[in-house]
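These notes are about the structure you will find just below.
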Amino acid sequence: MENEKKKNVFSGIQPSGNLTVGNYFGALRNFSRYSPDEYTCLYCVVDQHAITVRQDPAELRRRTYEVLSLYMACGLDPEQNILYVQSHVPAHAQLAWVLDCYTMFGELSRMTQFKDKSQKNADNINAGLFTYPVLMAADILLYQTDLVPIGDDQKQHLELTRDIANRFNTVYGPTFTVPEPVIRRTGARIQSLAEPEKKMSKSDPNENAVVRILDDKDTIIRKFKRAVTDSDTVVRRADDKPGISNLMTIYSCVTGKGDGEIEAEFAGKGYGDFKLAVGEAVAAELAPIQERYKQYLSDKAYLEMIMKQNSEKAAYLARKTLSKVYRKVGFTSV
Ligand code: AQP
């Protein structure tokens, strides 16, 4: 094992809103499952992705610090994991340009997130929104990534990343590691509490639709109490019960209980008891994270030191891939 090369893990989260339990169960919580003894782990705050939708500059800056603090509060040691900010490593944008030239218009047109976000932001369908998946491919391929822990909604982008890597490798010979997505069975897609047919999104303007990692206990319980369910009274997973099924998924993520166990626990009880139990369980899971988060966020100098040190580590790794790519496509160097 000692001489084996460590596998590389990469993932990122956009500072495009206050993170939700969807981001937490689908992605963030799973990052700490990769021990830095066995893997080289890079977790990026992808601020360049965030500006594909209009952001208030002061808020974007503030949220970048917040997401970095949350990474650490969720157990990622910044000495052992490379925690950094995307715009601090120019190679992401540089590789994205090259990959843009190896990605087809038709492929990008088929991306469901582009279609969704174009509908939501009809007055700002910019080129960045369209080429977002290419920047994501660059993020991943730059680090010769083996594994990408993500939620279900990013699966299509990851498939495109693999296609781009394979295409480039076919033309120029082995250049990129072709990454594998890691999508967990439970929690890969947490739905909105207000419209359970839709994904929970941090940028949803309806506050009752989302539970945020930093919501206090009362707010969490209130939001779960208001969650849209159905006219039935039995806690049971079924296609025609998307609200209850979603709450069962969330409860399962926290308690580790399976559907049968959850159904038995709430047999003969009403939805009110179930919703309260989900709210309390989620609040208890998030409380220690919120405590640690406050401590990290209060020390801006420390956060900036982490950003700087880690972006240098990331840039060092990124440069190796970028120079290889530049050489292969025929760019000169001086
Ligand atoms: N509802 C979700 N359930 C499970 N996983 C989710 N993820 C997002 N929403 C859910 C996962 O969180 C990671 C970071 O996501 P992102 O910030 O890159 O952007 P996103 O996928 O577009 O997430 P949001 O919350 O919907 O952000 P906005 O509202 O800004 O678009 C990814 O691994 C994602 O799969």
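Set side by side, the residues 76, 83 differ, and just one is away from the ligand (no atom under 12 Å from the Cβ), part of a strand (DSSP E or B) and crowded, with 19+ Cβ neighbours inside 10 Å, which is 83.
Assessment of region 127-146 against the conditions (outside any loop (DSSP other than H, G, I, E, B), among the polar types (S, T, N, Q) and out of contact with any Lys or Arg (no Cβ under 6 Å at 6 or more places or on another chain)) yields at least one matching residue. Restricting attention to region 21-45, the residues being over 15 Å from residue 149 (Cα atoms) and surrounded by 24 or more Cβ atoms within 10 Å (Cβ to Cβ) number 1. The residue of region 156-189 that is surrounded by the fewest Cβ atoms within 10 Å (Cβ to Cβ), among those that are out of contact with any Pro (no Cβ under 9 Å at 6 or more places or on another chain) and of a type in the set (S, T, N, Q), is 170. Pairs are defined by a Cβ separation below 9 Å, a sequence spacing of at least 6 or placement on different chains, a first member in region 37-57 that is farther than 16 Å from residue 83 by Cα and within 10 Å of the ligand (Cβ to nearest atom), and a second member that is in a strand (DSSP E or B) and aliphatic (A, V, I, L, M); no pair meets this definition. Could you say whether any residue in region 207-216 is more than 9 Å from the ligand (Cβ to nearest atom), closer than 29 Å to residue 95 by Cα and crowded, with 18+ Cβ neighbours inside 10 Å? No, because not a single residue in region 207-216 is more than 9 Å from the ligand (Cβ to nearest atom), closer than 29 Å to residue 95 by Cα and crowded, with 18+ Cβ neighbours inside 10 Å.
One residue stands out in region 120-154 among those that are over 30 Å from residue 5 (Cβ atoms) and of a type in the set (Ser, Thr, Tyr): the one that is nearest to the ligand (Cβ to nearest atom), namely 132.
We did not get these values from a lab; they are worked out from the coordinates using the rules stated. The structure displayed is predicted, hence computed values, not measured ones. Heads up, the Cβs are rebuilt from the backbone with ideal geometry, glycines too, and the neighbour counts pull from every protein chain shown.
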